[in-house]
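The values are calculated or read from the model by the stated rules, or taken from the named source; none is laboratory data. Keep in mind the model is a prediction, meaning the values are calculated, not measured. Heads up, the Cβs are rebuilt from the backbone with ideal geometry, glycines too, and the neighbour counts pull from every protein chain shown.
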């Protein structure tokens, strides 16, 4: 939650304390106990005082903290990188706990720090980190400055301070012949790759071999007669509908292995649709963000959906992310056991139950809940594949899945896990712990959840579809 007219946000600990104090004040009104109101008001007063102190600390750091950027060169060729050094000097008498340093650069330019800043900077000390500038296209790009994210010692508040710079980087077209690395090539695809979907056991004829076909399906007599490699074609035994749900929220716009997480999700979706070509299966595409469904492509044959997805991808990449905040995950329901023994316990019990019910009303307002619910209305025999980074609205995802998982098969494929992209070992371990808890919750619902490296993701999803029995292999 952002504090009005400031650059300060409350962390999850502060949010819980605020909600707890408000609940105490409401409990005092219902139970007519002044002690609850005193405790709740006291917590709010302490938080307000700590917030004011943190705001003053940020103002001091804004004036006393210095950033020095050193670039040995400002020109490079496409595909090469420029290495520089960033130094942060704390000239104040206060210790600064830095969470992260984010470069402010033009679109098309990527800056990575090694190691990333996540440390306490003592008074009159400095800390340096090397950074690498890369670009996927040529042109002249500006480095506008850096944004430093701070937190207080208790982890209750976070704030940002912007430092302006005026540097330019020129990227010239490469003079070398090099095949560019794109999200599609990263996940095993490309113009020369065509993944053939599994068929059934009924013989349908022969067709020309394409990369990705299994060698045991080669028809040698037709190959010898036509003097070109031919393979057997089979009719699918069972036809189903593959519903592909793509998260296009704000966090999916962050940098991943190659491009953004959204770029990689679109690449995997394209490869899966290519796998379904010729199998007779229908494919539906649903694109959503934090609060709404962005685009719906009703189920149709894979050939048509492949063309639709290729036309949709550029519009999604240039679309500005939603400025609305993602729906917060509600706290666990409070236990009401033993409440009737206290004075006015019945009223308190009714209040807590109604509060829990109201908190759950936020789920249907999320994009993933709407997309999963709308996609479930289109057919009976369906297979859902959800591409998301599992950063926001996980509780709403679980709520939507708990309603639909008895009727459909659901796969959750994580794109661009934060722990895989973390540069520091300690930061990677913290992100891995948080990510493991989320995946365990999904698996507790009986879902198939993939958090794999890019080259194995498409292969495992296809194998899971075949293993489920909805589509039979040849």
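Odds and ends about this structure:
- Residue-level check: of (1) modelled with pLDDT of 70 or more; (2) closer than 17 Å to residue 245 by Cα, residue 404 misses just (1).
- Only a single item in (1) without any contact (Cβ under 8 Å) to a residue 60 or more places away in the chain; (2) assigned to a helix (DSSP H, G or I) is not met by residue 94, and it is number (2).
- Yes/no for residue 57 being part of a helix (DSSP H, G or I) and at pLDDT below 85: no
- Extreme residue, surrounded by the fewest Cβ atoms within 10 Å (Cβ to Cβ), among residues of segment 47-82 that are in contact (Cβ under 8 Å) with a residue 24 or more places away in the chain and within 14 Å of residue 143 (Cα to Cα): 75
- Set 390, 398: member being more than 20 Å from residue 266 (Cβ to Cβ) and either within 16 Å of the chain's Cα centre (by Cα) or modelled with pLDDT of 80 or more (or both): 398
- Unmet requirement for residue 100, which otherwise passes all of (1) at pLDDT 85 or above; (2) under 23 Å from the mean Cα position of the chain (by Cα): (1)
For (1) over 25 Å from residue 458 (Cβ atoms); (2) at pLDDT below 80; (3) touching a strand residue (DSSP E or B) at 6+ places or on another chain (Cβ under 6 Å); (4) loosely packed, with under 15 Cβ neighbours inside 10 Å, each residue gets a yes or a no:
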{"position": "410", "(1), (2), (3), (4)": "no, no, yes, no"}
{"position": "414", "(1), (2), (3), (4)": "no, no, no, no"}
{"position": "426", "(1), (2), (3), (4)": "yes, yes, no, yes"}
{"position": "434", "(1), (2), (3), (4)": "yes, no, no, yes"}
{"position": "440", "(1), (2), (3), (4)": "no, no, no, yes"}
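- Segment 5-46, residues that are within 19 Å of residue 57 (Cβ to Cβ) and not in a helix (DSSP H, G or I): 5, 6, 7, 8, 9, 10, 11
- Residue within segment 129-148 that is closer than 30 Å to residue 18 by Cβ and surrounded by 13 or more Cβ atoms within 10 Å (Cβ to Cβ) present: yes
- Residues that are within 24 Å of residue 271 (Cα to Cα), assigned to a helix (DSSP H, G or I), assigned by TED's automatic domain parsing to the domain that holds residue 444 and at pLDDT 75 or above do occur in segment 316-339.
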